[in-house]
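Structure record follows, encoded as structure tokens.
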Amino acid sequence: MGKMTYFINGKYYIIDDETGEIKSVKINDDQNIPAEDLKQLVKILATKSKCV
């Protein structure tokens, strides 16, 4: 299935379904998001809104 993100006790974790590997996520308040990353985020959000 891939990777799933979980929010537990105020922290985010990513669990890889195939390997079982768990990683914690650090949130950075950086406002300098690269344009290419923003394009991908918009595509993901647009796809999700069509599914609802």
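The values are calculated or read from the model by the stated rules, or taken from the named source; none is laboratory data. For clarity, every value in this text was computed on a predicted model and none was experimentally measured. In this analysis, Cβ positions are derived from the backbone assuming ideal geometry, glycine residues included, and neighbour counts consider all displayed protein chains. Note: accessible area is taken over every heavy atom of the protein model, side chains too, but ligands, DNA and RNA are not part of it. Shrake-Rupley method; radii C 1.70, N 1.55, O 1.52, S 1.80 Å.
Charged side chains reduced to their Cβ positions (Lys and Arg at +1, Asp and Glu at -1) give the chain a dipole of some 260 debye around its Cα centre.
Pairs exceeding a 26 Å alpha-carbon distance, out of 23/50; 11/50; 26/48: 23/50; 11/50. Dividing the convex hull volume of the alpha carbon atoms of the chain by its residue count gives 127 Å³ per residue.
With respect to the chain, whose longest principal axis is taken over its alpha-carbon atoms, helix 35-51 is tilted by about 80°.
Among residues other than residue 45 with Cβ under 15 Å from its Cβ, the summed charge is +3 (Lys and Arg +1, Asp and Glu -1).
Ligands, DNA and RNA left out, the 1.4 Å accessible surface of the chain is 57% carbon and sulfur atoms. In the context of the full set of protein chains, the chain has a per residue accessible area of 99 Å² (1.4 Å probe).
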